[in-house]
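Accompanying notes for the structure given below.
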Amino acid sequence: MRSSSPRPPPPSPGMASSSCPQCSGCGMGRHLLEEGGAALTCPRYSPETPAPLPPDPPLVSRGNMGGKRLQRLMHNVRRLPHRYHLLGGSELKAEADDQCELKSVGQEDDVIPLPAKEASRLDESELIKFLHVDVNSGLSEGSVLQRRVKHGWNEFQVDNSDPIWKKYLGQFTNPLILLLLGSALVSVATKEYEDAVSITVAILIVVTVAFVQEYRSEKSLEELNKLVPPECNCVRDGKLQHLLARELVPGDVVCLTVGDRVPADIRLIETTDLLVDESSFTGETEPCSKTHGSVDEASGLTTLSNIVFMGTLVRYGKGKGIVICVGEKSQFGEVFKMMQAEETPKTPLQKSMDKLGKQLSLFSFGIIGLIMLIGWLQGKPLLSMFTIGVSLAVAAIPEGLPIVVTVTLALGVMRMAKKRVIVKKLPIVETLGCCNVICSDKTGTLTANEMTATRLVTSDGLHAEVTGIGYEGKGSVNLLPSNDELREFSNVSVGKLVEAGCVANNAIIRADSLMGQPTEGALLVLAMKMGLGNARENYIRKKEIPFSSEQRWMAVKCVDKLELQNQEEVYFVKGAYEDVIQYCTSYNSGGMSLPLTPQQKSLYLQEEKNMGSQGLRVLALATGAELGKLTFLGLIGIIDPPRSGVSEAVQILLDSGVAVKMITGDALETAQAIGRSIGLSNGHLKAISGEELDRLDESALPSVVTKVSVFYRTSPKHKLKIIKALQRTGAIVGMTGDGVNDAVALKSADIGVAMGKTGTDVSKEAADMILVDDDFSTIMNAIEEGKGIFYNIKNFVRFQLSTSISALSLITLSTIMNLPNPLNAMQILWINIIMDGPPAQSLGVEPVDKDAIKQPPRNAKEAILSKALLLKILLSAAIIISGTLFVFWKEIPDGKVTPRTTTMTFTCFVFFDMFNALSCRSLNKTIFEIGIFRNRMFWLSVIGSILGQMAVIYMPPLQKVFLTQNLHALDLLFLTGLASSVFVVSELIKFCEQCCCRKKTVKVLEEEI
């Protein structure tokens, strides 16, 4: 309740009111200060109850802020709890508590985030004026707190995830689950409580397994994303402070050095040889050179040379800049918002299951209608016939199907987890089975984003190739064409070339990770492969001439430690060929310096062009006592090479009918070189740039993108455009990537695959599947799993529907023809247990066929219950019905049903079930092709079912329950032979289909020849 006492007189500037209670330790109190600011409260000052608030006095305009606006702000500030929440949410309490001195927070003009293109055009003085900051002292704590109230923390507001109970209930939205829930309610209404309980238990098993597996995947992802929080060096209150990146606000002055992750979008005001790796945004492998001068015109991110973006990495040099955008206003945040705006499409399996649910619903209504029609024609009561029809319809719905689908998918996810692949949602693991186009980012996905030296050409004409990729130092240097491995100075020309690259180098490699420029890292690793990794230690560096965009070379002046007495200085130079060769007057030939001739220069130029055409970045190296009289040593070709196993995986994908397309922000020559090396389009490459895509009409886009293998100089919007165009052609598109620029495409693709090690957080958030070890070839395992899962689901559907149709037909026929029921209630229950139990479930865990990867992707529009499958189901059901009715007719010669009659009929039907399950293990391959004993679970369940059947026949207690009697061995032999007919016929049909397929293939090949 507010006090009616008048407000005390305002304090003098910079001093607290004398009437305000103060802390004895520091003098802080709870009061409002001059200029409308709010005082920070000392943590030691904590009375039990807050002091009453006096009424608001009228406020006048101060500074540039209008009176009404200031009055409204002050009114809102005063309404906040006095003790801790004067400036915002609970997170600001900690900052306020840390201040144990009185601070006056003055009002300042609103500071709005500055778009990168606008900031790049402003000079330093205009930028400082716009952002109200002193570059020497930075922002004051008061300004930081005010700006944070307006702009929030430097982080992304990810949509709050649903609570656990909501995720669990979300599993019940599956159409097939809803159909089963409906059948359970009908069972309750018709007083079939046993059916209702069994169906409900099945539903609970399904949703629980699915929920638990998806929850485990989410937790795995959380563990993967628990990275060290990014930190930064920031100038505030005239001091250089080490802060968490999330604490930055627009206007903060940030200092950058080698190895720093850029914490926000920053406009540079000071730079010293600054190189920044922007590959996560642009796909460019080479670091971008950054300057601090204003830029007149900028067409894209790559041309903003005075801006560094959040999430990029400082590879070399140092810089200082002012934060222009934080959080969701940054370029990183713009991509994040685009990603969140994209909806994840339904998987093909979900669509197929939805369609199957509708088909089974129609089938159920059809049974009810047919039974009622027959009953009406026979003059029976419609209500009783409706009850029978509903009961049969409920029995026809395979409640075991959702269990099999869920368990099969869960096992697939678990198998993928063992192969270091995290799958977020269960249906995703099947999607790659029908994926017919895979679009892949180049940098960090197809390649390791680790520059590697691959080719050497010495000044005296020797050629060598380098094996091994990355910064581990594994590999060798082999002389061509003899392929002899070279070590240290076993070949003087190669040794001197590699030594020069190692000495003129500032990179450091620790624990297989690089600190410094990727190009210099490649040269250092090359030296390590030749045993010259410590060559720098043989020299004392006296001077360095750094690389610049104008001179395009760098040099170091050194003294050999072994010749310190002579003090003979030597230069080691590396850089672009055109620039280095100008300083050379001789060339090295087996350790001797010979005069450099025009003919030699033309040979080197030809070699440089040849290496450049292969997508290599070419460095020239030289050495000598004077910069103008250097000895040319040779050329080294560097590239970010494909990951190991990528070319083999691409070839298998192409052979199986999956098109592979590379989408990169890199240049044409580099993109084509990588494309050729991994075998895209079997060497017949067609490339198109992002600019060319922009000029195409939307109607023409789908036909163009299907024919192109390489897309270069692309942005996130281009990647999204490509994905959407391919999807319009009916393709199921998989997208692999690791950078921020891949996130939107990962989200919109049918299945997004992110890299676990090198992938950015935003790409992992967008993806459906994560390769923990960044191994592209594990996609092959996922495709195998996807195809195998769908086949197993179809096998189960075939078995269950053929069995249920057979059982229902027996009951329906006996009801319609007024015949005695061939099976009693307990026997039907036992058949139902087998139909939905272990033998059926074991079909869902059939090992993936080793030839599955060679099969073309399945048609996403293909229904689970296709015409071919339905014909096989009806054929199997017809054989089972005919055989069972034959045994039933054979065992009632006098027209009376005896225990032997039902026992023989019952056992015959169970045996038919077992042989039918055996034939359902594969749709197209015979039992000998897939391996008789390959699925151990199947045989254990079959043996268990047969032993259970024997117990029902021969154990007296169970004989009384199931109304059975003992059978002779000849009876069992007769029933086994008769029941095997369903298996024999099915296998013969598979054999005939294979023969027809072979003849068609031969005919097609002959026509092609």
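The values are calculated or read from the model by the stated rules, or taken from the named source; none is laboratory data. No experiment lies behind these values; they were computed from the predicted model shown. We place every Cβ from the backbone using ideal geometry, glycine too, and count neighbours over all the protein chains shown. We work out accessible area using only protein heavy atoms, side chains counted, and drop any ligands, DNA or RNA first. Shrake-Rupley method; radii C 1.70, N 1.55, O 1.52, S 1.80 Å.
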Checklist entry - Identify, please: which residue in the range 490-508 is open to solvent by 60 Å² or more (accessible area, probe 1.4 Å) and free of Cβ contacts under 8 Å to residues at least 40 places away in the same chain and is, among those, farthest from residue 258 (Cα to Cα)? => result 490
Checklist entry - Which ones in the range 482-533 are polar (S, T, N, Q) and more than 27 Å from residue 278 (Cβ to Cβ)? => result 482, 483, 490, 491, 493
Checklist entry - For the range 284-299, which residues satisfy the criterion of being at pLDDT below 80 and open to solvent by 60 Å² or more (accessible area, probe 1.4 Å)? => result 296, 297, 299
Checklist entry - Any idea which of (1) hydrophobic (A, V, I, L, M, F, W, C); (2) under 24 Å from residue 640 (Cα atoms); (3) in contact with a Leu (Cβ under 8 Å, 6 or more places away or on another chain) is the one residue 429 doesn't satisfy? => result (2)
Checklist entry - How many of the residues in the range 637-647 are in a loop (DSSP other than H, G, I, E, B) and out of contact with any strand residue (DSSP E or B) (no Cβ under 6 Å at 6 or more places or on another chain)? => result 3
Checklist entry - Out of all the residues in the range 463-474, is one or more open to solvent by 30 Å² or more (accessible area, probe 1.4 Å), out of contact with any Leu (no Cβ under 8 Å at 6 or more places or on another chain) and of a type in the set (Asp, Glu)? => result yes
Next on the checklist: Residues that are in contact with a helix residue (DSSP H, G or I) (Cβ under 6 Å, 6 or more places away or on another chain) and either touching a residue at least 12 places away in the same chain (Cβ under 8 Å) or surrounded by fewer than 24 Cβ atoms within 10 Å (Cβ to Cβ) (or both): does the range 478-485 have at least one?
Outcome noted: no
Item to check | Within the range 938-965, tally of residues that are open to solvent by 60 Å² or more (accessible area, probe 1.4 Å), among the aliphatic types (A, V, I, L, M) and closer than 26 Å to residue 846 by Cβ | outcome: 4
Checklist outcome for this item: Those residues of the range 572-605 that are open to solvent by less than 40 Å² (accessible area, probe 1.4 Å) and within 14 Å of residue 551 (Cβ to Cβ) come to a total of 8
Item to check | Selected residue (only one of 658, 710 is open to solvent by less than 60 Å² (accessible area, probe 1.4 Å), in contact with a Leu (Cβ under 6 Å, 6 or more places away or on another chain) and within 19 Å of residue 736 (Cα to Cα)) | outcome: 710
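Listed here are the residues, each with its yes/no results for (1) closer than 28 Å to residue 468 by Cα; (2) loosely packed, with under 13 Cβ neighbours inside 10 Å; (3) of a type in the set (A, V, I, L, M, F, W, C).
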site	(1), (2), (3)
523	yes, no, yes
528	yes, no, yes
532	yes, no, yes
535	yes, no, yes
539	yes, no, no
546	no, no, no
Next on the checklist: For the range 222-241, give me the residue count where each residue is loosely packed, with under 10 Cβ neighbours inside 10 Å and either modelled with pLDDT of 90 or more or among the acidic types (Asp, Glu) (or both).
Outcome noted: 2
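Could you go through the range 736-751 and let me know if any residue there is open to solvent by 10 Å² or more (accessible area, probe 1.4 Å) and polar (S, T, N, Q).
Checking the range 736-751: not a single residue is open to solvent by 10 Å² or more (accessible area, probe 1.4 Å) and polar (S, T, N, Q).
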Item to check | Failed condition for residue 770, given (1) within 8 Å of the chain's Cα centre (by Cα); (2) among the β-branched types (Val, Ile, Thr); (3) open to solvent by 10 Å² or more (accessible area, probe 1.4 Å) | outcome: (3)
Checklist entry - In this structure, is residue 731 in contact with a strand residue (DSSP E or B) (Cβ under 6 Å, 6 or more places away or on another chain), under 24 Å from residue 853 (Cα atoms), part of a loop (DSSP other than H, G, I, E, B) and hydrophobic (A, V, I, L, M, F, W, C)? => result yes
Checklist entry - Before we move on, is residue 608 of a type in the set (Asp, Glu) and either buried (at least 21 other Cβ atoms within 10 Å of the Cβ) or assigned to a strand (DSSP E or B) (or both)? => result yes
Next on the checklist: Being in a strand (DSSP E or B) and either free of Cβ contacts under 8 Å to residues at least 40 places away in the same chain or over 17 Å from the mean Cα position of the chain (by Cα) (or both): is that true of residue 752 here?
Outcome noted: yes
Next on the checklist: Can you pull out every residue in the range 667-692 that is part of a loop (DSSP other than H, G, I, E, B) and open to solvent by less than 10 Å² (accessible area, probe 1.4 Å)?
Outcome noted: 678
Item to check | Enumeration of residues in the range 883-895 that are part of a helix (DSSP H, G or I), open to solvent by less than 50 Å² (accessible area, probe 1.4 Å) and over 18 Å from residue 966 (Cβ atoms) | outcome: 883, 884, 888
Checklist outcome for this item: Scanning the range 693-728 for residues that are farther than 26 Å from residue 332 by Cβ, assigned to a helix (DSSP H, G or I) and acidic (Asp, Glu) gives none
Item to check | Test set (1) surrounded by 14 or more Cβ atoms within 10 Å (Cβ to Cβ); (2) at pLDDT 90 or above; (3) assigned to a helix (DSSP H, G or I) - residue 634 fails condition number | outcome: (3)
Item to check | Filter pass, residue 841 being in contact (Cβ under 8 Å) with a residue 12 or more places away in the chain and either more than 17 Å from residue 907 (Cα to Cα) or surrounded by fewer than 17 Cβ atoms within 10 Å (Cβ to Cβ) (or both) | outcome: yes
Checklist entry - Can you spot a residue in the range 867-882 that is at pLDDT below 85, on the phi < 0 side of the Ramachandran plot and not in a helix (DSSP H, G or I)? => result no
